[in-house]
1. Can you name the condition, by its number, that F147 falls short on among (1) loosely packed, with under 11 Cβ neighbours inside 10 Å; (2) part of a helix (DSSP H, G or I)?
2. What pairs come up if the first residue lies in segment 325-343 and is in the same structural domain as R384 (by TED's automatic domain parsing) and outside any helix (DSSP H, G or I), the second is β-branched (V, I, T) and at pLDDT 85 or above, and their beta carbons are under 6 Å apart, counting only those six or more places apart or on different chains?
3. Would you mind telling me which numbered condition in (1) surrounded by fewer than 12 Cβ atoms within 10 Å (Cβ to Cβ); (2) polar (S, T, N, Q); (3) at pLDDT below 75 N300 fails?
4. Counting only residues that are surrounded by 14 or more Cβ atoms within 10 Å (Cβ to Cβ), modelled with pLDDT under 80, out of contact with any His (no Cβ under 9 Å at 6 or more places or on another chain) and not β-branched (V, I, T), how many does segment 366-417 have?
5. Can you confirm whether segment 330-348 contains a residue that is under 23 Å from H292 (Cα atoms) and surrounded by 14 or more Cβ atoms within 10 Å (Cβ to Cβ)?
6. Name every residue in segment 116-159 that is more than 18 Å from A17 (Cα to Cα) and of a type in the set (F, W, Y), in order of residue number.
7. For segment 76-122, how many residues are among the hydrophobic types (A, V, I, L, M, F, W, C) and part of a loop (DSSP other than H, G, I, E, B)?
8. Among residues belonging to segment 128-140 that are surrounded by fewer than 23 Cβ atoms within 10 Å (Cβ to Cβ) and touching a residue at least 60 places away in the same chain (Cβ under 8 Å), point out the one that is nearest to K30 (Cα to Cα).
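The values are calculated or read from the model by the stated rules, or taken from the named source; none is laboratory data. Keep in mind it's a predicted model, so treat the numbers as computed, not measured. Cβ sites come from the backbone with ideal geometry, for glycine too, and all protein chains shown count toward neighbours.
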Amino acid sequence: MVVQDWKRFQNDLGEKALLLSESISITAPKAMLRKDYWSLYLSLKNMASKGPGARSEHEIIDAMILDAEGLVQAHLHPAKHPIGLVFSPDNEAEKAISSQAMGARTPTVLSSGGFSQDGFQEGVVPLFSDQKYLGVVRVRLSVVSLFEKAKSTAVIVLLSILLFVFIGSLLGTIVSRRVVGPLTAITHGLEAVGRGEMTDFSPIPVKEGDEIGRLSVTFNQIMSELAEKKMLEEEIAMSEKLVALGRITAGVAHEVNNPLAGLLNCIDTLRQHPNDKELIDRYLPVIDQGLHRIKDIVHNLLVGLKNEDSDEMINIQQVDKLHDLILAEIGERDIKIYWNNTADRDTCIPGKTEQIICNLLKNAVEIIPENGTIDFNMYQEGRRLVIKVSDNGPGVASNIRNQLFDPFFTTKPNGTGLGLWVVYRLVQNMQGIIEVESELGKGTTFLIELPVINRQAA
């Protein structure tokens, strides 16, 4: 805006300088032919007068009439530029302008100085008489007043811009807060969803009915439904825990109560016949067997719960020690075990893994008949540890396969039904998966995949 105003001001000033030169050029040719230098000087003097009737509101800094040879015919400052002498410019820039003026054959505007108060606009009008070139009229106007006007315009424009910027920033802050506030609340709500904290969500206040307001209403509804769903899931999870606890309690009571009733009968009979050696020999093994069964039930429950809470880490090579343990368990029975552990020897695994493998191998030893075989394979696939235990035992019927991991469910005559239950709980606790493949008469395979927790430094 300032540049455009400056250019417009200069153009206007150039036109005024040209008009002043043309006003002098009307009478100057006749006076030059008569050599009436005084009339020429008076015309310049009257034009530059600041008194009443002045023709221009701009300061005339220079005015002259030169003949075709560049001799001064009249000058606003005759003491500096006497009549009859060649006009002598003060510097190289003035020489160039003077040369342009003497070469002009049509009315022309010359300018200099750029955006500066030292600049000027000069109107140049050539003089002719009967198509003969007589000389030139030059009138130069100062741009001081234009410079002050342009400067004041620049100040006004800058102040206006600063004011608009301030007002715009203020309004932008208010609007952005109104718009971003609900969006920020929605972002926090989504983060809460990611963390599973929907129940702590506070509804976003809705102040407007625009798109943001409708979005806030929809988001509040979604978050409310998610919070309700989360609460229902927590209630269902708690109910499932209570149901599982009830089943375990009922199973423990049932499993312990059966041998306990027999033990009480044996003790009652022995109390009635304390000196009967035959009864003592008959009932003592029964009492011993019943107590050991109760001990096994309690032991398996305690071991399972202890391993679930354990964070102990072991090297994967320690699993190979179970090979000797299972061989001792087999004893003199005609059972072959094939051991294949190709997992990375520097891998660390939770100590619970050892209990899982031990329970699966013991279960296989107890279930398979003579001349049976057990295949143990352990290897890694990326960040997963794969454990595979297979036997050629009697297998499991498809109608009871889904009950294998239920507490106190067993197909073995003297089993407690807790071994596979402990295995299942440990695998779930380690965020792994367990699958069973079995066919009657052809054996059973347990496949377990567990995440690799850590690696030792090489």
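1. Against the list (1) loosely packed, with under 11 Cβ neighbours inside 10 Å; (2) part of a helix (DSSP H, G or I), F147 comes up short only on (1).
2. K336/T373; I337/I374
3. (1)
4. Summing the residues that are surrounded by 14 or more Cβ atoms within 10 Å (Cβ to Cβ), modelled with pLDDT under 80, out of contact with any His (no Cβ under 9 Å at 6 or more places or on another chain) and not β-branched (V, I, T) in segment 366-417 gives 8.
5. yes
6. F128, Y133
7. Filtering segment 76-122 for residues among the hydrophobic types (A, V, I, L, M, F, W, C) gives 76, 79, 83, 85-87, 93, 96-97, 101-102, 104, 109-110, 115, 120.
Of the ones still in play, those that are also part of a loop (DSSP other than H, G, I, E, B) are 76, 79, 83, 85, 87, 104, 115.
Result for segment 76-122: 7.
8. To start, the set of residues in segment 128-140 that are surrounded by fewer than 23 Cβ atoms within 10 Å (Cβ to Cβ) comprises 128-134.
Keeping just the survivors that are touching a residue at least 60 places away in the same chain (Cβ under 8 Å) gives 128-129, 133-134.
On the way: F128: 10, S129: 8, Y133: 13, L134: 10 Å.
Ranking the candidates gives S129 first.
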